[in-house]
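Contents: one structure, followed by commentary.
Each reported figure results from applying straightforward, stated rules to the coordinates on display, with no laboratory input. On a predicted model such as this, the values are computed, not experimentally measured, just so you know. Cβ: placed from backbone, ideal geometry, glycine included. Neighbour counts: every protein chain shown.
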Amino acid sequence: DVVALYAVPPTFQITVDAASVSPMLTARAPLEQVLRNLIGNAVKHHNRPDGSIFVRAADSGEHVTLFIIDNGPGIPPEQREKALKMFQTLQRRDDVEGSGIGLALVKKIVLSVGGELRMEDTPGGGITFAFTWPKMWPRTLAHSGTATIQ
């Protein structure tokens, strides 16, 4: 559903593999927000017209680990902390449209549900964002509505 929201260039390839994950009860809006920001950034900041983005989910006990893997320019290790701070951008705002809020929001949402977020180099170039998400929505946050995601 999230991938369908983007006007992805026809030369881009986005692949989603979540077949190995059992259904989970979670709040849809926060998870979609995280995925929208990560996939949107992978498209927006890609440096090639024939980009590739791979979204994978893996069962991790009480959590699901989601990976957003791209073959774009990546984020240098020394700039990764800055990229996760509010209102920080890695490129001039004249060069790429952005507010510097997206990745900071991703970090805040993931941490608020007890998950973890990390960035790793993608072999062959690019960046991999990996984050954990609880299979059962935390009861303390259940007021935002839940949905079974399959």
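Some observations on this one:
- Taking the average, over residues, of other Cβ atoms within 10 Å as the packing measure, peptides 67-78, 125-136, 10-21 rank 125-136, 67-78, 10-21 from highest down.
- Cα Rg, Dmax, region 4-53, angstrom units: 12.8, 37
- Computed FRET value (nearest 0.05) for Ser22 with Glu120, which takes r as the C-beta separation and R₀ as 30 Å: 0.75
- Paramagnetic label reach from Thr11 (point 7 Å along Cα→Cβ; backbone nitrogen cut-off under 12 Å): within region 37-64, residues 47-52.
- Gain on full stretching of the segment that runs from Lys108 to Asp50 - 0.36 nm per residue minus C-alpha separation: 17.8 nm
- Placing dummy labels 7 Å off each Cα toward the beta-carbon, the span from Val3 to Gln79 is 2.7 nm.
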